[in-house]
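Trainee: My structure is below; once you've seen it, I'll send some questions.
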Amino acid sequence: MANGISVATAPAHVEETTDNSAFEGLFQRALNPQGAFADELRAAGYDLRRPSPKYPTRVWRACLEVALRHVHPGKPPHEGIRLLGHAFIQGFFHTIVGKLVSVALPLLGPDRIAAKFPKYWEATRPGVKIDVIVDDPHRHRLLFRDPHPMPDFVAGIIEAALQRAGRPVQVEVGSRSAVSFEIIVTTPQA
């Protein structure tokens, strides 16, 4: 307290978190790790038998690295992590949050899905900011500001979600940096 006035300060560093529904979707619903795989996840900070509501995002990233080694060991990392994004969507749609999202997908066109994507993403990664830029009705760019960027994983998630919604789509990773990336979603013209 200075001069009778209380001064509140924000913490110097607030760690980004990832909701358990992401872990549940990928690990409990899609991949079902056993043996050494489950042991390595536990060593990285995620215990399948005792899940927490939220985890530091650094634990999420470490667990994705573990999964990449166990599930896609022979693939180039960018390809393997994109395939983990596909697996994530398959499992995520079996979680409570994922079931809510999956009901809406077939009813929405790619433009409406892209517009709602930031809200969906915030359910599991609240610290990520996403801007949606509509270049034309068939091309959307999602600009992610993320202190823990995983562009190929996100591209796999978007690709699998739109395919599950019955939409032909092309998903590319555009620009990348240490704290941001761009996903370009193109749908064929009718």
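Trainee: Choose one of VAL179, ALA38, GLY127: the residue whose Cα lies farthest towards the positive end of the charge dipole of the chain (beta-carbon charges +1 Lys, Arg; -1 Asp, Glu; about the Cα centre).
Mentor: ALA38
Trainee: Could I get the Rg over Rh figure for region 7-153? Both from C-alpha atoms, Rh via Kirkwood, rounded to two places.
Mentor: Values: Rg = 16.4 Å, Rh = 16.5 Å.
My calculation puts Rg/Rh at 0.99.
Trainee: Tally up the carbon and sulfur contribution to the accessible surface of the chain as a whole percent, 1.4 Å probe, everything protein left in place. Walk me through the intermediate numbers first.
Mentor: Working: 5530 of 10030 Å².
Within the chain, the accessible surface is 55 percent carbon and sulfur.
Trainee: Rounded to the nearest 20 Debye, what is the dipole magnitude of region 78-190 about its Cα centre when Lys and Arg each give +1 and Asp and Glu each give -1 at the C-beta?
Mentor: Details: 13 positive and 11 negative charges, 69 e Å.
Dipole about the Cα centre, nearest 20: 340 debye.
Trainee: Give me the net charge of SER175's neighbourhood, meaning all other residues with Cβ under 10 Å from the Cβ of SER175; Lys, Arg count +1, Asp, Glu -1. Working shown, then result.
Mentor: On the way: positive: ARG141, ARG176; negative: GLU182.
Net charge around SER175: +1.
Trainee: Can you list the lysines whose alpha carbon is less than 22 Å from that of LYS99, not counting same-chain residues fewer than 8 positions off?
Mentor: Of all the lysines, those that pass the test against LYS99 - Cα under 22 Å, at least 8 places apart if same chain - are LYS54, LYS116, LYS119.
Trainee: Now a separate question. Can you compute the helix-only [θ] at 222 nm over the chain? Use -39500 (n - 2.57) per DSSP H run of at least 4 residues, normalise by all residues, nearest 500 deg cm²/dmol.
Mentor: The per-residue figure over the chain is -13000 deg cm²/dmol.
Trainee: Quick one: putting +1 on the C-beta of Lys and Arg, -1 on the C-beta of Asp and Glu, what dipole do you get for region 34-129 around its Cα centre, in Debye to the nearest 20?
Mentor: Numbers: 15 positive and 7 negative charges, 56 e Å.
About 280 debye.
Trainee: Using per-residue counts of other Cβ atoms within 10 Å, averaged over each peptide, order 77-85, 155-163, 114-122 from highest down. Mind showing how you got there, number by number?
Mentor: Working: 77-85: 18.9, 155-163: 22.3, 114-122: 16.4.
Highest mean packing first, the order is 155-163, 77-85, 114-122.
Trainee: Counting only heavy atoms of the protein chains, get the accessible area per residue of region 40-190 (1.4 Å probe) and round it to a whole Å² value.
Mentor: 50
The values are calculated or read from the model by the stated rules, or taken from the named source; none is laboratory data. What you see is a predicted model, and the numbers here were worked out from it, not measured in a lab. Heads up, the Cβs are rebuilt from the backbone with ideal geometry, glycines too, and the neighbour counts pull from every protein chain shown. We work out accessible area using only protein heavy atoms, side chains counted, and drop any ligands, DNA or RNA first. Shrake-Rupley method; radii C 1.70, N 1.55, O 1.52, S 1.80 Å.
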